[in-house]
Amino acid sequence: MSNVATRPDVIEVDSVVIGGGFAGLYSVHALRDNLGLTVQAFDNAGDVGGTWYWNRYPGARSDTEVNAYCYFFDKELYNEWKWSERYPRQTEILAYLGHVADRYDLRNHYQFNTQIESLVFDEKAERWRVTTDKGQQFSARFLVEAVGLLSATNVPEFPGQEKFGGEIYHSARWPHEPVDLVGKRVGIIGTGSSGIQLVSEISPIAEHLTVFQRTAQWVVPSRHRPIDPGLLESIRENYDGYHHDLLYSTTAFGFTESNVSAESVDEATRHEAFEKVYDDGGGFQYMFKAFNDVGTSLVANKAATDVIGKHIRETVRDPIVAELLVPTDLYAKRPLCCDGYFEAYNLPTTTLVDVKKTPIVEFTEKGIRAGDTEYELDVIVLATGFDAVSGNQLRIFQQGRNGLTLQDKWRDRTHAYMGTMTADFPNMYMVYGPMSPFTNQPPVHEAQVNFITDAIRHTIDSGAATLEPSQKAEEDWMELSDSTAAATLFPKVNSWINGANIPGKPVRNYFFMGGMAAYMDHMKADRDTEFGERFLLDGQPAERVNA
Ligand code: NA7
């Protein structure tokens, strides 16, 4: 399966790719087939799949409609793979990524079960020295870090954790062997995307489910259903047009986004429009399909949450529980959807614990003590999320020019150009690094890998050894990204989007919130100027090198 290096010395390759998810697999394909480079790829998982390799928890599925949650680089692939549901389960997405790895012969490039420990730029050789946890050393001219937006797990330590006599699992490190939860007393900590899917799936089978909620979430139904064959047919007929429209939208979710402001219509019209998208299901759809200003206008945001709040109160029979489930903050986190989530609280076997009022004091031998009450449990599930965006990158020691480490450079905040590069780290590329557009993932991964491929091709064609963004380009991109984020309501709410979920992490903007279409235009501008204005070749302004 892998080409594990057996020689003790340094192995020279053209490029190293880190990650075997959507982004990594396509990176290997593009570097090898579009640029003709030799590629050594790594993943710390046992196989391809990225986030879908790890997130095997009960109920795990994509909450993006699958017609936009897939690759587009090969129309034949798009047409031949048959998805079964509007929002596919983890098993189906993992099978798809396995199919892609086989179809394009990508697995052979990977060395699995391997953690990259350090990436050090050798300024003399103008190459990256890559060290693995197996003690191997590789030397590569180009690096592509496709390490995942939501991959480094957040595992809070609760007092007494070691005393607990039952099983503890993190949602994103779920075992490969079946975990039997039937008839068990299960506790779930966390009510983000993972937690709500777990609640919905586990509540009917557990003897008792106790949900430890710190912050309530605005959740709308997903409305799972088979894929509309008419939709797929229409995409097939207009494949390029559909893909173009997907990329030239705000969120790249593949549905028609509204261009109407909620503020421009009366209250009844607003209400009716939100009810309609609520009925059709989908989190991003709810936020972007009815109106274009839910994420930016307090009026629109309030109208959106009034409708969700009404539905929570109608669904949950116990009014005290219902009130606990209605959030008090703005609707400005990653929008969530899940079928059957609020209904789970009507089961006599589900208990909701508000850990803001009665904090988790400790894990005991028998369960969890929150406030004065001990909840007896057989299994505890930590659905506590991720050190998002920069977490996985910063877990690898990385050193660019002049001994500058990424750990130092990003200490106060992440600095990056277009989510794909960072100044002083030549020939180092990231897929969905910091300051990427806040969108559906697979389409932006492909677009970024194509951009990276063009940048590498330009470097090679120029006869230069290295390319990197200038400090000025990076500062400008940071400023632009910050201004797009400041125009939204997202900075006003704590979540992984702004780093607030991880103690000690800088609470800053980590995204370009200007939309996918604007992002595409920025990539085009760099291509049109042949990576001239905002880049350094061999450490010099590109215009000077080209002259
Ligand atoms: P999220 O969305 O970050 O949710 C994590 C949840 O865990 C959230 O409800 C947190 O409460 C809760 N949490 C975290 N730490 C604690 C502690 N110490 N005590 C109690 N509760 C805690 O992660 P997910 O895995 O659900 O989803 C992440 C993304 O993956 C998702 O948005 C999709 O894009 C895919 P809090 O809200 O911080 O009060």
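The values are calculated or read from the model by the stated rules, or taken from the named source; none is laboratory data. Here the structure is a predicted model, which is why all the values come from computation and not from measurement. Note that each Cβ is placed from the backbone with ideal geometry, even for glycine, and that neighbours are counted across all protein chains shown. With ligands, DNA and RNA removed, areas are computed over all heavy atoms of the protein, side chains included. Shrake-Rupley method; radii C 1.70, N 1.55, O 1.52, S 1.80 Å.
Some observations on this one:
- Wholly within region 429-547, helices (runs of 4 or more DSSP H) carrying at least 3 residues that are open to solvent by less than 50 Å² (accessible area, probe 1.4 Å): 441-462, 471-486, 516-528
- Criterion (touching a Gly at 6+ places or on another chain (Cβ under 6 Å) and more than 14 Å from the ligand (Cβ to nearest atom)) met by exactly one of 404, 377, 394: 377
- Residue count for region 217-259, restricted to those that are part of a loop (DSSP other than H, G, I, E, B) and surrounded by 14 or more Cβ atoms within 10 Å (Cβ to Cβ): 17.
- Screening residue 36 against (1) touching a residue at least 12 places away in the same chain (Cβ under 8 Å); (2) assigned by TED's automatic domain parsing to the domain that holds residue 113 leaves a single unmet condition, (1).
- Test: residue 336 is over 16 Å from residue 438 (Cβ atoms) and touching a residue at least 12 places away in the same chain (Cβ under 8 Å): no
- Meets criteria (β-branched (Val, Ile, Thr), over 27 Å from residue 42 (Cβ atoms), in a helix (DSSP H, G or I) and free of Cβ contacts under 8 Å to residues at least 24 places away in the same chain) for residue 312: no
- Considering the conditions (1) more than 17 Å from residue 99 (Cβ to Cβ); (2) more than 14 Å from the ligand (Cβ to nearest atom); (3) open to solvent by less than 30 Å² (accessible area, probe 1.4 Å); (4) not in a helix (DSSP H, G or I), residue 31 is excluded by exactly one of them, (4).
- Going through (1) open to solvent by 30 Å² or more (accessible area, probe 1.4 Å); (2) out of contact with any Asp or Glu (no Cβ under 7 Å at 6 or more places or on another chain); (3) not basic (Lys, Arg) one by one, residue 324 falls short only on (2).
- Among the numbered conditions (1) touching a Lys or Arg at 6+ places or on another chain (Cβ under 7 Å); (2) open to solvent by 10 Å² or more (accessible area, probe 1.4 Å); (3) of a type in the set (A, V, I, L, M, F, W, C), the only one that residue 81 does not meet is (1).
- Every condition in (1) out of contact with any Lys or Arg (no Cβ under 9 Å at 6 or more places or on another chain); (2) open to solvent by less than 40 Å² (accessible area, probe 1.4 Å); (3) outside the structural domain of residue 497 (by TED's automatic domain parsing) holds for residue 392 except the one numbered (3).
- Some residue of region 41-64 being over 24 Å from residue 387 (Cβ atoms), touching a residue at least 12 places away in the same chain (Cβ under 8 Å) and surrounded by fewer than 23 Cβ atoms within 10 Å (Cβ to Cβ): no
- Meets criteria (open to solvent by 50 Å² or more (accessible area, probe 1.4 Å) and not basic (Lys, Arg)) for residue 353: no
- Every pair of residues 6+ apart whose Cβ atoms lie under 9 Å, when the first sits in region 149-170 and is among the small types (Gly, Ala, Ser) while the second is near the ligand (Cβ under 9 Å from one of its atoms): 151/51; 151/172; 151/386; 151/388; 152/386; 152/388
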